[in-house]
Amino acid sequence: MDFTFDDRQLAFRDSIRKFLMVEAAPEMLRETWETTASGRSAELRTKLAQHGLTALSVPEELGGLNLGDLDWVLIHQELGYFAIPDSLVATAYLGVDLLKGLLAENSLGRAWLPRVAAGSARIAVSHPINLFVADAKNAELLLLWHEDEVHALHPGQVQLRLNPSIDQSRRLYKVEWTPSDATRVCKAALGGKLWTGVIDRAGLAISAQLIGLAQRMLDLGVDHAAQRKQFGRPIGSFQSVKHQLADVAVKIEFAEPVVHRAAYALANGDSRAAVYVSQARLVAGEAALLAARRSIQVHGAMGYTWEADLQMFMKRAWALDATWGDRKFHKARMARHVFADSAELGPGSTFLRAARPAIPRSSTRCGTDCA
């Protein structure tokens with residue numbers, strides 16, 4: 001089993017990181033939330049498309065790059081690190097996954113996939129695992145679950161009620177609609193498999209974003225500890241503060257390869273991919289929640305104020321951790337596997353074992369000694 005990311009994947013990840021570092025600074029994101037009703041930047045969306053992100057999973061014959069989960073997982077981490085408030089994941093990853101599964105069923109995929117690749121379409125995806133639908137009002141197409149069927153609707157066919165979120169970058173809506181033969185684009189026989197894939201890929205995307213968020217919160221904590229002084233010394237020089245942040249670094253270090261293992265399993269059709277995804281969700285969530293708690297301790301109460309960048313990433317981590325399956329859901333999936341009579345035991349078969357992907361250490365962002 002090869003966990004090594006190739007040079008192309010790493011170079012693409014690095015180029016996206018440099019782009020987002022310039023185009024998605026926290027102050028720019030705040031301005032977008034406060035000055036636009038949609039909370040989204042059309043300019044940023046256009047630039048994301050120009051960098052190929054909207055076309056990443058779309059088949060080549062429909063204008064895309066035809067790449068997969070292992071290419072996406074590194075991008076998801078960057079989207080988390082910069083807390084990108086955009087429907088990119090729902091559109092270009094989950095929506096495209098559904099539309100590709102429908103190519104043999106009807107013309108919906110061929111009509112919408114080129115638009116997604118060009119960056120001219122937004123898609124919202126709804127499943128009862130979530131109470132609300134993100135970016136439903138901003139979407140041109142809504143792909144909705146109904147008894148494992150897939151239904152496709154336009155915004156004029158649904159009623160939307162805005163629901164506030166602790167993460168002010170999110171636009172959550174309660175969608176009310178009536179399923180019919182006219183809206184159904186896929187029957188339950190195939191739809192059940194497609195929705196299972198969507199849940200797993202959504203879990204992977206959130207896991208990777210949580211890793212990125214955890215790293216960003218750790219970096220903010222380290223930077224603050226290096227600048228803030230008490231008793232004439234940076235507080236980061238005190239051992240108790242070092243230990244607080246070192247614990248977070250360890251959590252991230254152990255969680256990241258589990259997320260990459262889940263991406264590998266999905267990309268290669270592993271029969272246990274759902275279990276790997278749930279494990280990734282749990283360990284990534286633990287890393288992000290610990291990073292939030294420890295970083296706010298380092299910052300003090302000021303870290304929760306609107307002017308502080310930390311609060312943006314904490315709130316997003318808290319919100320994402322309950323999306324596309326809460327911790328109870330993912331623990332239950334793992335329990336069914338672990339306690340099954342047919343479960344294989346031993347170091348050669350356990351899903352708890354994961355190799356470390358060969359990512360150059362120079363690619364990490366935390367340049368300050370946290371230990």
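Just a few scattered comments:
- Computed from the alpha carbon atoms alone, the convex hull of segment 7-186 holds 117 Å³ per residue.
- 0 to 90° range, to nearest 10: angle between helix 310-320 axis and the chain longest Cα axis: 40
- Its relative contact order, with pairs defined as Cα atoms under 8 Å and 6+ residues apart, puts the chain at 17 percent.
- Angle between the chain longest axis and helix 7-23 axis [Cα atoms, degrees, rounded to 10]: 80
- Our note on the geometry: Cα centres of segment 205-225 and segment 49-127, 25 Å apart.
- Think of the chain as a dipole: +1 on every Lys or Arg Cβ, -1 on every Asp or Glu Cβ, centred on the Cα centre; then among SER180, GLN244, ALA11, GLN244 lies furthest on the positive end.
- Rolling a 1.4 Å probe over the heavy atoms of the protein chains gives the chain an accessible area of 45 Å² per residue.
- In degrees, nearest ten, helix 273-299 long axis to first principal axis of the chain (Cα): 40
- Percent accessible area from carbon and sulfur atoms, segment 192-338, protein chains only, probe 1.4 Å: 55
- A convex hull fitted around the alpha carbon atoms of the chain yields 143 Å³ per residue.
- Segment 50-131: C-alpha gyration tensor shape, a/c 1.5 cut-off, then a/b vs b/c: oblate
- Computed over all pairs of different Cα atoms, the Kirkwood value for the hydrodynamic radius of segment 192-338 is 16.0 Å.
- For the residues TRP145, TRP33, TRP177, a GNM of the chain with alpha-carbon springs under 10 Å puts the largest fluctuation on TRP177.
- Here segment 94-241 has an Rg and Dmax of 21.0, 72 Å, counting Cα atoms alone.
- Residue-averaged [θ]222 nm for the chain, counting only DSSP H segments that reach four residues, each worth -39500 (n - 2.57): -16500 deg cm²/dmol
- For the chain, built as a Gaussian network whose Cα springs stay under 10 Å, the top-fluctuating residue of SER237, SER126, SER38: SER237
- Rounded percent of accessible protein surface that carbon and sulfur make up, segment 7-186, 1.4 Å probe: 50
- Note: relative contact order over segment 7-186, using C-alpha pairs below 8 Å and six or more positions apart, is 18 percent.
- Ordered by solvent-accessible area of protein heavy atoms (1.4 Å probe), largest first, the residues ASP97, ASP223 come out as ASP223, ASP97.
- With DNA, RNA and ligands ignored, accessible area of SER107 (1.4 Å probe; Å², nearest 10): 90
The values are calculated or read from the model by the stated rules, or taken from the named source; none is laboratory data. For clarity, every value in this text was computed on a predicted model and none was experimentally measured. For neighbour counting, all protein chains shown are included, and Cβ atoms are generated from backbone atoms with ideal geometry for every residue, glycine included. Ligands, DNA and RNA are stripped out before the accessible areas are found, and what is left, the full protein with its side chains, is counted by its heavy atoms. Shrake-Rupley method; radii C 1.70, N 1.55, O 1.52, S 1.80 Å.
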